[in-house]
Structure formats: C-alpha cells, structure tokens
1. Which residue pairs have Cβ atoms under 6 Å apart, sit 6 or more places apart or on different chains, and have a first residue in the range 6-22 that is crowded, with 22+ Cβ neighbours inside 10 Å and a second that is of a type in the set (Ser, Thr, Tyr) and in a strand (DSSP E or B)?
2. Could you figure out which of (1) in a helix (DSSP H, G or I); (2) crowded, with 20+ Cβ neighbours inside 10 Å isn't true of Lys282?
3. Restricting to the range 322-351, and then to whatever is part of a strand (DSSP E or B) and in contact with a helix residue (DSSP H, G or I) (Cβ under 9 Å, 6 or more places away or on another chain), can you tell me which residue is farthest from Ala192 (Cα to Cα)?
4. Tell me, which residue of the range 189-215 that is in contact with a Lys or Arg (Cβ under 7 Å, 6 or more places away or on another chain) and not in a loop (DSSP other than H, G, I, E, B) is surrounded by the most Cβ atoms within 10 Å (Cβ to Cβ)?
5. Can you report the number of residues in the range 219-233 which are in a loop (DSSP other than H, G, I, E, B) and surrounded by fewer than 17 Cβ atoms within 10 Å (Cβ to Cβ)?
6. Can you work out which of the residues in the range 234-257 that are buried (at least 24 other Cβ atoms within 10 Å of the Cβ), of a type in the set (S, T, N, Q) and outside any loop (DSSP other than H, G, I, E, B) is modelled with the lowest pLDDT?
7. Taking only pairs six or more apart or across chains, which ones have beta-carbon atoms under 7 Å, a first residue in the range 355-366 that is within 19 Å of Gln199 (Cβ to Cβ), and a second residue that is of a type outside the set (Val, Ile, Thr) and surrounded by fewer than 16 Cβ atoms within 10 Å (Cβ to Cβ)?
Amino acid sequence: MSGRRLRVEADGGSRGNPGPAGYGAVVKDAASGEVLAEVAESIGRATNNVAEYRGLLAGLRAAAAVDPDARVEVRMDSKLVVEQMSGRWQVKHADMRRLAEEARAVLPAGRVDYGWIPRAQNSHADRLANEAMDAAAAGRSWRRGGDAAPGPGPATAAGTASTPGAASTPAAPARGAAAHGEPLDLVLVRHASTALTEQRRLSGRYGEDPELSGAGREEARRAAASEEVRGADVVITSSMRRSRQTAEVIAERVGARVLVDPQWDETDFGDWDGCTAAEVVKRWPAEFAAWSDDPAVAPPGGEALVAVERRVREAAAALRTRWAGRRVVLVTHGDPLRVLLRECLGCGAHMQRRIRVDPASRTLLRLHPDGSSEVLAVNRV
C-alpha cells in the first residue's frame, strides 16, 4: 500500500424516480482536501438509488486510477448505500446488487470504509450530478468544469470526461513558475510493445488491455535509461496496463512518482479492436473509408478522433498550468501522442496517420504558458 488516503464523495439523482438520472463523484486528498478528479454522467432513465450506486462505482474507479494502492474513505448522503456497502443492510434490488458487487471489486474491502454525511456536506458531488443531468436535457455531454460540450452521440461518448472512472491529472494551484512565464518541458513516451503491438493489431482503451511483452520490457528499460527522461519531476501515464508498466520502469530509474490520468488513454476502436488494418479494410470497407476521411466519424462502437482531440486538449491545458517550469514524462499511446504533436505543429487531422511514433520512442515538446509550443525532437528510439 502507498499509505496515501483518498476521500470519495459521490451522489446520484433522478428527476422522476425513475426518470432522467445522473451521477457525480469527486476524489480528494483526504489530508489536504485537494481535488484530484471529478466524474459525472447522465445515465438515462433510472431510479435515485441506482444513480447513487453508479456515482459510488465511478468514484471508486476514479480513486483507483489516481492511486490504486491508497486507502479510500467514501462519504455519501445516501444512508441506504452506506449501510448496504458496509454490510449492515441487505441489497435486495437486482440492479443495485450487481452495482454493489462491481463496487466491491474495484478495491480490496479492507482499504475502503463508508460513512454517511449530511446532504449539505455532499454539495460538490450533488452539483456534478445535476450538471450532468442538465447537460443531457440540453442535448449535450458533461465536461469537467461545468462546460457542457455538444453531445457526441453513442459512438463517441467514450471520449468525453463523463467516462465512468475517468480522472483528470490531479489539479493544483498554479505555481509561481507559470506566473513568470516558465515553460513545461514535456517528454512524450509511447508505451513499449505488447504482443498486439508486435502483430500490428489495434488495441484501444476498452479492449484487451495487454501487458508488455518480453521485448517491450526491454524497450521500457532502454527508454528509462535515455537522456530525454533524465531529471523528470514526475511521470504521468494513461490508465492502460502497457502504459502504466512502461511508466513504472521509467519512474523507478529516474526516482520520480507516477500519476495516472485516463484522459491520455488510447482511442476506443470499438468493433475494430484486436484487428489489423488489413482485416478492418476487408470487413468494414465503407466504414474505414469514412473514418479515414472524416475525423468526426468513429469506428463502429468506438470513438472519433475529434473526441480524442477534446480530451487531449483538456489534459494538456492542465499540464501547462500545474507543471510549468518542470520536466514531465508523459507515457501515452499513438493517437493521443500524435494529437498533441499536431496541436504543437498546427497540423490538421489529415496528418494524424502520417506521424510515426515507435514503441518506447521519445518526443520532446516545450509548452509555454501563453499557449505557444516548440517541438524539440520526434520519435527518438
């Protein structure tokens, strides 16, 4: 265990019971009260109790993404959920029983405790839940900060900040360096190889989530020994296994901590996950052609490039603010890496597939507080 304590505050609501429903959850550092992650989502028609359980589940997943080894204190104003999850009351409703089982599986039981708080003390999570429901009523999807974005539709919803369990890079007050115009030196590292990488198969954020192969572990060790990562203040990684494993090797070598941010996860390739490009072209020729021509088109059941761009821009803005004047290693995936590089170069989506980023390669960027950027190196191996 890390010894860290996190606090999850969660809530859910239904306008009709059952009716249009949504949830909200916030993850805080239990000692300082610093907000580390916010999640919210409209879940369609449901009861208050189901929405509250959905909020709990999302909050626990977000806490696990921030620090999978932390102890977590859950605080909710739903006495029903608190008593049931504490084991004092039975869970009789089938939908809630399933959600309760999922919640218990997120973290070991001995590392989570539950407590009731008055509604007034749960206002943060309540506000997030209402923001999500308001956004859905207006035909939009919830985004962190209360800024509702145009609804992406079923194919791209996974790309918004409403994804259950998603957590932004932990927020912090702007450092003095930002005020004085010091840049962020960002080392982008593509994760090292997996068996699917070696077979040139698509591996998206909701697919198999493979671990590093033997060759990949060696690639990660070479990346950790490279001059580009030397002196890093922190290593930030997507929540996907191959990325986290690469980040852990680098962090151990440079003596930095690891922070997990699911906004840097790979694109959701939907039905194409696990396929090679040749297999996709053969089975989905029309869909592949449309996807290749238009960044707003998603793979069947997957995520459009424009959705990936939205979350990458939001995550990159948070990096500029928090880590100004620092050197940060960011371990991520092909598509998010290319998007950020394109943003720095001012290139459109038509360049996305023309940028080569090899496994464990390093790309160096300098991000200035005024929004300008420099590209110092690309695809070093």
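The values are calculated or read from the model by the stated rules, or taken from the named source; none is laboratory data. Worth saying up front: this structure is predicted, and the values here are computed from it rather than measured. Methodologically, a virtual Cβ is constructed for each residue, glycine included, from the backbone with ideal geometry; neighbour enumeration extends over all protein chains shown.
1. Here the result reads Gly12/Tyr23; Ala21/Ser14; Gly22/Ser42, each pair linking the range 6-22 to a residue that is of a type in the set (Ser, Thr, Tyr) and in a strand (DSSP E or B).
2. (2)
3. Filtering first and then ranking leaves Val328.
4. Looking at the filtered set, the residue picked out is Val189.
5. Start the filter on the range 219-233 by keeping residues that are in a loop (DSSP other than H, G, I, E, B), which leaves 225-233.
Next, from what is left, pick out any that are surrounded by fewer than 17 Cβ atoms within 10 Å (Cβ to Cβ): 225, 227, 230-231, 233.
Qualifying residue count for the region: 5.
6. Taking the candidates together, the pick is Thr237.
7. Hits for this filter: Arg356/Asn379; Val357/Asn379; Asp358/Asn379; Ala360/Arg222; Ser361/Asn379.
Per-residue answers, yes or no, for (1) in the same structural domain as Trp142 (by TED's automatic domain parsing); (2) touching a His at 6+ places or on another chain (Cβ under 7 Å); (3) not in a strand (DSSP E or B):
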{"site": "Glu9", "(1), (2), (3)": "yes, yes, no"}
{"site": "Gly16", "(1), (2), (3)": "yes, no, yes"}
{"site": "Val39", "(1), (2), (3)": "yes, no, no"}
{"site": "Arg54", "(1), (2), (3)": "yes, no, yes"}
{"site": "Leu57", "(1), (2), (3)": "yes, no, yes"}
{"site": "Leu60", "(1), (2), (3)": "yes, no, yes"}
{"site": "Ala65", "(1), (2), (3)": "yes, no, yes"}
